[in-house]
Amino acid sequence: MGFLLLFPLAVAVILAIVRNGAARRVIVYAGAAVIAVASIVFVGMHIGSTGEYYEFESEIVNIVCTVADFVIAFIVAFLAWRYKKWMALTLAIVQAALAAVFVAGGWEAMYPVAEGLYIDSLTLMMAAIIGVVGSGIGVYALGYMDDHHDAHPAIKDRRPRFFGLFFLFLSAMFLIVFSNNMIWMFTGWEITTVCSFLLIGYDQNQISVTNAFRQIVMNMLGGISFCCALIYCGVELQTFSFIEFINIGVAAPLMVTVPLVCLSLSGITKAAQMPFHTWLLGAMVAPTPTSALLHSSTMVKAGVFVLLKMAPIYAVSFIPSLMVVLIGGITFCLCSFLAISQSNAKRVLAYSTIANLGLIVACAGVGTPEAVWAGMFLILFHAVAKSLLFMCVGTAEHHIGSRDIESMDGLFQTMPRLARYMMLGIMIMFIAPFGMLIAKWGTLVSFLEAPTPHVVLILLLAFGSGATFLFWAKWLGKLSGIAGNPDDVETTVHSSEWIGTSLMVVLCVICCVAMPFISDIIVRPYIEGVWGQYFTVLGSDNLWIASICTIFVVAVLFGALGRTSNKKHVGVYMAGISYDNDQRKFRNSMSGVTTASSRNWYMETLFGEQAIDPMGTVICIGIIVAAFIIGILSWQGVMIPGIPGLM
C-alpha cells in the first residue's frame, strides 16, 4: 500500500525534472509497468477482503497534508490573481480560511484516527482501475503528446510538467481510496482537483484557461463543502474516521445529515453531475490523455467512489438519499438526451460519461446492496470502455484531421484496427452481451426491488436508456458503414498508442468474459462485508451466458483483422444512372449531378444544449438548496411534517 502511494509520487518528481525525450519514454514505460504490476499483485494479495483496517497514525503525514492544503489554495489564488479570475480567487481565500479554522480548532490532534488506512474489495477494484487503466493512459500519452507538440510548435514544450502532474494524479487517487482518515482523504481530493486544473489548462491559450478555471471554481465549491463536513465532524462527532462516520450515520442518521449533504455535494461536483457538469465538458479542450484520465480511471471516479462508500447511510437517511438519487437520475436522463445532439465525438463521450456517472450516483443514493452491486460494475466497465474510446478518438483525430463523427466514413478501411477497437468500446457501452448493459439491467432491477421503489428514477432510467441507444447506434453505424477503397493511414500510429489502446481492449474483453468471477471474488466480498450477507440481482448462470456470447462476438469482430492477401476490392456501385462511382455521384431526376452521402440526424432543436441544459441546471440547484435547508433545520431539531425521520 505504501509503495502504491509513494512510487507514483517519486516518478512524478523525476518526470517533472527530466527534459530529455528518450529518458522520459524510459521512465514512463518503466514507471507505468511497475505501477500496473504492483496494483495487480496488491489486488491478488488481498482478493476477497471484506475489510482490513491498518493502524497507522503519523504526525508527519498530518503536517504534510495540512501544508499541502494551504499550498493548493495558494497556487489557485496566485493563478486566479494572475489571470484576473475573481471567483476562483474568492473561493481559494474561503477554502484557506476554513483550513485555518480547522487547524486553529485543534481537532486533528484531539481526535486522532488510529486506523488511518484500510482495504476492502471496493478499494481493490479502484486500485486496479487506477494502477492498470491509469498507467495504460500514461503510456498512450507518450506518442500522443509528441504529435500534439509537433502539431502546435508555437506552444512551449510543457511535457515534463504534463507527465509529472499525470503521475502525481495517480498517487493522489491511491491516497483517496486507501485513506480511512478523512483529513488525508481531503488532501488527496484537493490534489486531484488542482492537478486536473493544471492539465486542462496545459495549452495556456484563452479557451483552455477559461475551461480550467471553470473546473477549479466548481470543484472548489465541492472542496469547501468537504471542509465544512470535516469541521462538523470535529465539533459534533469527534471523529475523522470514515468507517466510524458511516457507522454513526447508519445508527443515527439525523446526527450526520448536515455533513452527509456536504460530502454528497462534494462527490456530486467531483463526479460532474448537474449543475456542475459543464466543467467536464470544458475539459475536452485538453489533450486527449487528460480527457481519458479525468473521465475514466481518476477524478470523476473519486466522486462516485466516496458516494458508493456512503451507500449504507443513504439507505436510512431520507433527505441526502433523495438529493443524490434525483440529481443522479436527472443527470443520466438529460445528459443522454444532450448526447443525441452532438456530432463532436469527444463531446458525445463527455455527455455519456456524465450520464453514466449519474447512474452510479443514483445507485449510491438508493443505498441497497443490489444497487451497489450494479454501481460497482458500472464503475468497472465505464472505466475500461471510456479509456479505450477516448484513446481511439484522439488517435483518429490526429490521422483523419477531425473528431467529428460525420468525418468517420470509411474509418473501417482507413484505420481498420482502430475502427474495430472503437466499435468494441461502443458495443460494451450499450448492447448485450457486454457488461455495461448487464450492469444497467441490474440497476433497473435494484430500483424496482428497493424497499421504496423509486418510480421517478425508473422512468428517468427508461427514457435515458432509450436516448443512450440512439446516440451510440448512430456512431456505430458510421464506423461499420464501408464505401470506397481509401488508403490505410494507421501505419503511422505510434507504438505507444497501440500499446495503450491494445491494453484497454484486453481489459475490456477480460472484464466482460470474467464478469462471473469478478462478481464472486470482488463484488460479493464487499457486499458481505458491509451488509453481512450477499445480495445480487442476476444469477451466475446469466452472467456465464453473457460471458460465452462475448467471446463469440469478439472473435467475429477481430477474426478477419490483418487478412489482406486475398481481400477482394469492389468499387462503389450507384444504382440507377451513375455519374462517378468512385466519388459516389449520380444523375438525379433533373439531370443534375448529386453526391450520395449518409448523415445522422442530431435533432438540435429538441435535444440541443440550449433546450435542455438550463432546465436541468435549475432543477438540480433547487434540489441541492432544498437539501441543505432541510438538513440544517433537522440539525437544529426543527420538525418538518411529511418528511420521514423529521416529523
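Since every read-out is calculated from the coordinates, none of them should be taken as a lab result. Please read these numbers as outputs of a predicted model, since none were measured by experiment. Backbone-built Cβ (ideal geometry, glycine too); neighbour counts: all protein chains shown.
Here are some notes:
- Taken about its Cα centre, the chain carries a charge dipole of about 1600 debye when Lys and Arg each add +1 at the Cβ and Asp and Glu each add -1 at the Cβ.
- Estimated inter-spin distance, Asp541 and Ser402, nm [label 7 Å along Cα→Cβ]: 5.0
- Separation of the Ile629 and Gln238 label points, Cα + 7 Å toward Cβ, nm: 3.5
- From phi via Karplus (6.51, -1.76, 1.60), per-residue ³J(HN,Hα) for region 513-528 in Hz, x at Gly/Pro: 5, 8, 4, x, 5, 4, 4, 7, 9, 10, 6, 4, x, 5, 5, 5
- Summarising the amide proton neighbourhood of Glu115: residues at separation of 5 or more, or on other chains, whose placed amide H is nearer than 5 Å comprise Phe56.
- Placing pseudo-labels 7 Å out from each Cα toward the beta carbon at Met615 and Asp150 gives an inter-label distance of 4.7 nm.
- Listed by chain and number, the lysines whose alpha-carbon sits under 17 Å from that of Lys84, ignoring those within fewer than 8 places in the same chain, form an empty set.
- Label point 7 Å beyond Cα of Val455 along Cβ direction - residues of region 596-625 with amide nitrogen under 16 Å: none
- Given their separation in residues at 0.36 nm each and the Cα-Cα distance between them, Ala114 and Val26 gain 27.7 nm when the chain is fully extended.
- Residues of region 496-522 falling in the label zone of Gln533, defined by backbone nitrogen less than 20 Å from a point 7 Å along Cα to beta-carbon, are 520-521.
- 0 to 90° range, to nearest 10: angle between helix 59-83 axis and the chain longest Cα axis: 60
- Relative contact order of region 69-161, pairs being alpha-carbon contacts under 8 Å that are 6 or more residues apart, as %: 17
- With Cα atoms, 0 to 90° folded angle of helix 206-232 axis to the chain main axis: 30
- Euclidean distance of C-alpha centroids, region 45-111 and region 292-370, integer Å: 25
- Between 0 and 90 degrees, the angle of helix 21-45 with respect to the longest Cα principal axis of the chain falls at about 60 degrees.
- Cβ-Cβ FRET estimate between Ser597 and Leu448, R0 fixed at 45 Å, reported to 0.05: 0.55
- One chain, two ends: Ile551 and Asn588. Fully extended at 0.36 nm per residue, the span grows by 8.7 nm beyond their Cα-Cα distance.
- Each Cα pair under 8 Å and six or more residues apart adds its sequence gap; the mean of these over the residue count of the chain is a relative contact order of 15 percent.
- Each peptide in 281-293, 140-152, 234-246 gets a packing score, the mean of other Cβ atoms within 10 Å over its residues, and the list from highest to lowest is 281-293, 140-152, 234-246.
- For region 1-137: relative contact order, % (alpha-carbon pairs under 8 angstrom, 6 or more apart): 40
- 18 Å Cα-Cα reach of Lys270 towards lysines, excluding residues that sit fewer than 8 places from it in its own chain: Lys301, Lys309, Lys386
- Label corresponding to semi-axes √(5λ) of the Cα gyration tensor in Å when calculated from the structure given, among (i) 41, 28, 25; (ii) 42, 35, 21; (iii) 45, 27, 25: (i)
- By the rule of a C-alpha distance below 17 Å, with chain neighbours fewer than 8 residues away ignored, the lysines paired with Lys478 are Lys346.
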